[in-house]
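Some notes on the structure that comes next.
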Amino acid sequence: MKKSLVAFMTIVGLSAPLAAHQVWLEREGSVINEYFGHFPNFKEKADGKKLELIKGTVVSPKEAYLKTVRQNDHLEVFVNKVGDIGVIEEFKPNKGKMVDFTVRTIFSGRDGRSESKSLLPLDLVPDAPNSDTFTLMFNNKPLPKTKVEVTAPNTWNKSFMSDEAGKVTLKTPWLGDYVVQVDYSDKTKGEAQGIAYEQTNYIMSLHFLVK
(Lines give C-alpha, C1' and ligand atoms only; values in the text may rest on other atoms or scores of the structure.)
Protein backbone atom coordinates (compact mmCIF):
# COMPACT_ATOMS: atom_id res chain seq x y z
CA MET A 1 0.00 0.00 0.00
CA LYS A 2 2.78 2.46 0.90
CA LYS A 3 4.60 1.73 -2.36
CA SER A 4 1.39 2.29 -4.33
CA LEU A 5 0.73 5.60 -2.58
CA VAL A 6 4.26 6.84 -3.18
CA ALA A 7 4.03 5.88 -6.85
CA PHE A 8 0.72 7.70 -7.15
CA MET A 9 2.10 10.80 -5.45
CA THR A 10 5.08 10.78 -7.80
CA ILE A 11 2.80 10.58 -10.84
CA VAL A 12 0.44 13.34 -9.82
CA GLY A 13 2.95 15.63 -8.14
CA LEU A 14 0.66 16.31 -5.19
CA SER A 15 1.38 16.57 -1.51
CA ALA A 16 0.29 13.60 0.62
CA PRO A 17 -3.01 15.12 1.87
CA LEU A 18 -4.27 15.63 -1.70
CA ALA A 19 -2.73 12.58 -3.36
CA ALA A 20 -5.59 10.29 -2.35
CA HIS A 21 -8.35 12.80 -3.06
CA GLN A 22 -10.97 12.79 -5.77
CA VAL A 23 -13.96 14.89 -6.75
CA TRP A 24 -17.18 12.95 -7.13
CA LEU A 25 -20.75 14.00 -7.86
CA GLU A 26 -24.08 12.66 -6.64
CA ARG A 27 -27.30 14.00 -8.11
CA GLU A 28 -30.52 14.86 -6.27
CA GLY A 29 -32.99 16.27 -8.78
CA SER A 30 -31.73 19.63 -10.03
CA VAL A 31 -28.86 19.68 -7.49
CA ILE A 32 -25.46 18.08 -8.09
CA ASN A 33 -23.76 17.39 -4.77
CA GLU A 34 -20.01 17.77 -5.27
CA TYR A 35 -17.72 16.07 -2.75
CA PHE A 36 -13.96 16.29 -2.27
CA GLY A 37 -12.30 13.42 -0.47
CA HIS A 38 -12.48 9.71 -1.17
CA PHE A 39 -15.66 7.80 -1.96
CA PRO A 40 -17.62 6.63 -0.08
CA ASN A 41 -16.60 7.44 3.49
CA PHE A 42 -14.20 10.40 3.56
CA LYS A 43 -15.53 13.89 2.76
CA GLU A 44 -13.65 17.12 3.41
CA LYS A 45 -15.61 19.56 5.58
CA ALA A 46 -16.00 23.32 5.66
CA ASP A 47 -14.09 23.63 8.95
CA GLY A 48 -10.93 22.57 7.14
CA LYS A 49 -9.14 24.32 4.29
CA LYS A 50 -9.20 21.69 1.55
CA LEU A 51 -12.89 21.99 0.68
CA GLU A 52 -12.20 25.64 -0.16
CA LEU A 53 -10.08 24.44 -3.10
CA ILE A 54 -13.23 23.22 -4.84
CA LYS A 55 -15.26 25.95 -6.55
CA GLY A 56 -18.13 24.09 -8.26
CA THR A 57 -18.61 26.68 -11.00
CA VAL A 58 -17.18 25.06 -14.16
CA VAL A 59 -19.95 22.79 -15.37
CA SER A 60 -20.27 20.73 -18.54
CA PRO A 61 -22.39 21.52 -20.47
CA LYS A 62 -21.74 25.10 -19.36
CA GLU A 63 -25.25 26.32 -20.20
CA ALA A 64 -26.65 23.95 -17.54
CA TYR A 65 -25.03 25.87 -14.66
CA LEU A 66 -27.21 28.02 -12.39
CA LYS A 67 -25.45 28.59 -9.06
CA THR A 68 -23.30 26.99 -6.33
CA VAL A 69 -24.08 26.86 -2.62
CA ARG A 70 -21.53 25.65 -0.03
CA GLN A 71 -22.62 23.18 2.64
CA ASN A 72 -20.76 21.56 5.54
CA ASP A 73 -19.19 18.67 3.64
CA HIS A 74 -19.98 19.38 -0.01
CA LEU A 75 -21.02 21.92 -2.62
CA GLU A 76 -24.51 22.09 -4.07
CA VAL A 77 -24.28 22.81 -7.80
CA PHE A 78 -27.67 23.77 -9.20
CA VAL A 79 -28.33 22.89 -12.84
CA ASN A 80 -31.19 23.19 -15.30
CA LYS A 81 -30.47 20.03 -17.28
CA VAL A 82 -31.80 16.49 -17.00
CA GLY A 83 -29.12 13.93 -17.82
CA ASP A 84 -25.39 13.59 -17.33
CA ILE A 85 -23.43 16.48 -15.81
CA GLY A 86 -19.72 17.12 -15.44
CA VAL A 87 -17.78 19.48 -13.14
CA ILE A 88 -14.16 20.51 -13.69
CA GLU A 89 -11.77 21.81 -11.00
CA GLU A 90 -8.46 23.16 -12.31
CA PHE A 91 -5.80 23.87 -9.70
CA LYS A 92 -3.05 26.45 -10.02
CA PRO A 93 0.16 24.85 -11.39
CA ASN A 94 2.81 24.22 -8.76
CA LYS A 95 5.76 22.03 -7.92
CA GLY A 96 4.84 18.83 -6.16
CA LYS A 97 6.71 17.85 -3.02
CA MET A 98 7.99 14.63 -4.61
CA VAL A 99 8.77 15.86 -8.15
CA ASP A 100 11.14 18.51 -9.41
CA PHE A 101 8.90 20.06 -12.06
CA THR A 102 5.72 22.12 -12.28
CA VAL A 103 2.43 20.28 -12.57
CA ARG A 104 -1.08 21.43 -13.41
CA THR A 105 -3.71 19.29 -11.67
CA ILE A 106 -7.30 18.92 -12.87
CA PHE A 107 -9.89 17.10 -10.78
CA SER A 108 -13.20 16.36 -12.50
CA GLY A 109 -16.38 14.45 -11.86
CA ARG A 110 -19.22 13.13 -13.98
CA ASP A 111 -22.61 12.06 -12.69
CA GLY A 112 -24.59 9.67 -14.87
CA ARG A 113 -24.08 7.21 -17.70
CA SER A 114 -27.16 8.01 -19.78
CA GLU A 115 -25.52 9.94 -22.62
CA SER A 116 -22.97 8.64 -25.11
CA LYS A 117 -21.01 11.87 -25.37
CA SER A 118 -17.92 13.24 -23.70
CA LEU A 119 -18.37 15.96 -21.07
CA LEU A 120 -14.85 16.18 -19.61
CA PRO A 121 -11.26 16.37 -20.93
CA LEU A 122 -10.75 12.86 -19.49
CA ASP A 123 -14.04 10.99 -19.54
CA LEU A 124 -15.75 7.61 -19.48
CA VAL A 125 -18.47 7.60 -22.14
CA PRO A 126 -21.09 4.82 -21.98
CA ASP A 127 -21.74 2.83 -25.15
CA ALA A 128 -25.48 3.02 -24.41
CA PRO A 129 -27.67 4.31 -21.56
CA ASN A 130 -26.86 2.45 -18.33
CA SER A 131 -24.25 0.31 -20.08
CA ASP A 132 -21.34 -1.21 -18.15
CA THR A 133 -19.19 -0.82 -21.29
CA PHE A 134 -17.49 2.54 -21.79
CA THR A 135 -14.98 4.23 -24.04
CA LEU A 136 -12.27 6.06 -22.13
CA MET A 137 -11.77 9.38 -23.91
CA PHE A 138 -9.03 11.99 -23.61
CA ASN A 139 -9.59 15.23 -25.52
CA ASN A 140 -12.30 13.45 -27.53
CA LYS A 141 -10.00 10.60 -28.60
CA PRO A 142 -10.01 7.02 -27.24
CA LEU A 143 -7.36 6.41 -24.58
CA PRO A 144 -5.97 2.86 -24.68
CA LYS A 145 -4.21 0.75 -22.06
CA THR A 146 -5.18 2.88 -19.06
CA LYS A 147 -6.26 1.68 -15.62
CA VAL A 148 -9.87 2.21 -14.56
CA GLU A 149 -10.73 1.54 -10.91
CA VAL A 150 -14.25 0.77 -9.68
CA THR A 151 -15.44 1.26 -6.09
CA ALA A 152 -18.76 -0.37 -5.21
CA PRO A 153 -21.31 0.66 -2.55
CA ASN A 154 -19.81 -1.82 -0.07
CA THR A 155 -16.27 -0.39 -0.72
CA TRP A 156 -15.27 -3.43 -2.84
CA ASN A 157 -12.98 -2.24 -5.59
CA LYS A 158 -11.46 -3.70 -8.70
CA SER A 159 -9.16 -2.43 -11.45
CA PHE A 160 -9.79 -2.81 -15.16
CA MET A 161 -7.78 -1.79 -18.22
CA SER A 162 -9.02 -0.05 -21.35
CA ASP A 163 -8.20 -1.98 -24.52
CA GLU A 164 -6.49 -0.75 -27.70
CA ALA A 165 -9.69 1.05 -28.71
CA GLY A 166 -10.16 2.63 -25.28
CA LYS A 167 -13.04 0.24 -24.46
CA VAL A 168 -13.55 -1.10 -20.96
CA THR A 169 -16.33 -3.23 -19.47
CA LEU A 170 -16.85 -2.85 -15.73
CA LYS A 171 -18.43 -5.19 -13.21
CA THR A 172 -21.27 -3.82 -11.05
CA PRO A 173 -22.54 -6.82 -9.04
CA TRP A 174 -24.40 -4.90 -6.28
CA LEU A 175 -27.17 -2.34 -6.15
CA GLY A 176 -26.27 1.20 -5.08
CA ASP A 177 -23.78 3.98 -5.79
CA TYR A 178 -20.59 3.32 -7.75
CA VAL A 179 -17.64 5.62 -8.33
CA VAL A 180 -15.15 4.87 -11.08
CA GLN A 181 -11.79 6.67 -11.09
CA VAL A 182 -9.21 7.24 -13.82
CA ASP A 183 -5.84 8.96 -13.34
CA TYR A 184 -3.87 10.13 -16.35
CA SER A 185 -0.73 12.25 -16.81
CA ASP A 186 -0.29 14.29 -19.98
CA LYS A 187 3.30 15.38 -20.65
CA THR A 188 2.29 18.26 -22.94
CA LYS A 189 3.81 21.51 -21.70
CA GLY A 190 1.76 24.68 -21.44
CA GLU A 191 0.84 27.73 -19.38
CA ALA A 192 -2.13 28.36 -17.09
CA GLN A 193 -2.87 31.28 -14.79
CA GLY A 194 0.39 32.85 -15.92
CA ILE A 195 2.48 29.86 -14.80
CA ALA A 196 4.35 27.51 -17.15
CA TYR A 197 3.86 23.81 -16.45
CA GLU A 198 5.51 20.65 -17.74
CA GLN A 199 2.75 18.14 -17.08
CA THR A 200 -0.99 17.98 -16.50
CA ASN A 201 -2.42 15.36 -14.17
CA TYR A 202 -6.08 14.42 -14.48
CA ILE A 203 -8.01 12.74 -11.66
CA MET A 204 -11.46 11.93 -13.03
CA SER A 205 -14.40 10.15 -11.41
CA LEU A 206 -17.69 8.84 -12.73
CA HIS A 207 -20.65 8.29 -10.39
CA PHE A 208 -23.72 6.26 -11.28
CA LEU A 209 -26.46 4.37 -9.50
CA VAL A 210 -27.24 0.69 -10.10
CA LYS A 211 -30.89 0.03 -9.29
Going through the stretch 30-54 in order, the residues found to be surrounded by 20 or more Cβ atoms within 10 Å (Cβ to Cβ) and aromatic (Phe, Trp, Tyr) are Tyr35, Phe36, Phe39
Residue check for Pro129: exposed (fewer than 13 other Cβ atoms within 10 Å of the Cβ) and assigned to a loop (DSSP other than H, G, I, E, B): yes
Margin query: Considering only the stretch 167-183, I want to know if a residue exists there that is loosely packed, with under 15 Cβ neighbours inside 10 Å, hydrophobic (A, V, I, L, M, F, W, C) and at pLDDT 95 or above.
Written below: yes
The residue from Leu124, Leu206, Leu120 that alone is touching a residue at least 40 places away in the same chain (Cβ under 8 Å), out of contact with any Pro (no Cβ under 8 Å at 6 or more places or on another chain), of a type outside the set (Val, Ile, Thr) and in a loop (DSSP other than H, G, I, E, B) is Leu120
Of the residues in the stretch 41-54, those that are more than 14 Å from the chain's Cα centre (by Cα) and either in contact (Cβ under 8 Å) with a residue 12 or more places away in the chain or more than 20 Å from Glu149 (Cβ to Cβ) (or both) come to Asn41, Lys43, Glu44, Lys45, Ala46, Asp47, Gly48, Lys49, Lys50, Leu51, Glu52, Leu53
If we keep only residues of the stretch 77-111 that are under 26 Å from Lys145 (Cβ atoms) and not in a strand (DSSP E or B), then the residue modelled with the highest pLDDT is Asp84
Of the residues in the stretch 136-150, those that are more than 19 Å from Leu209 (Cβ to Cβ), in a strand (DSSP E or B) and in contact with a Ser or Thr (Cβ under 8 Å, 6 or more places away or on another chain) come to Leu136, Met137, Pro142, Lys147
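The values are calculated or read from the model by the stated rules, or taken from the named source; none is laboratory data. This structure is a prediction, so every number in the text was calculated from the model and none was measured. Heads up, the Cβs are rebuilt from the backbone with ideal geometry, glycines too, and the neighbour counts pull from every protein chain shown.
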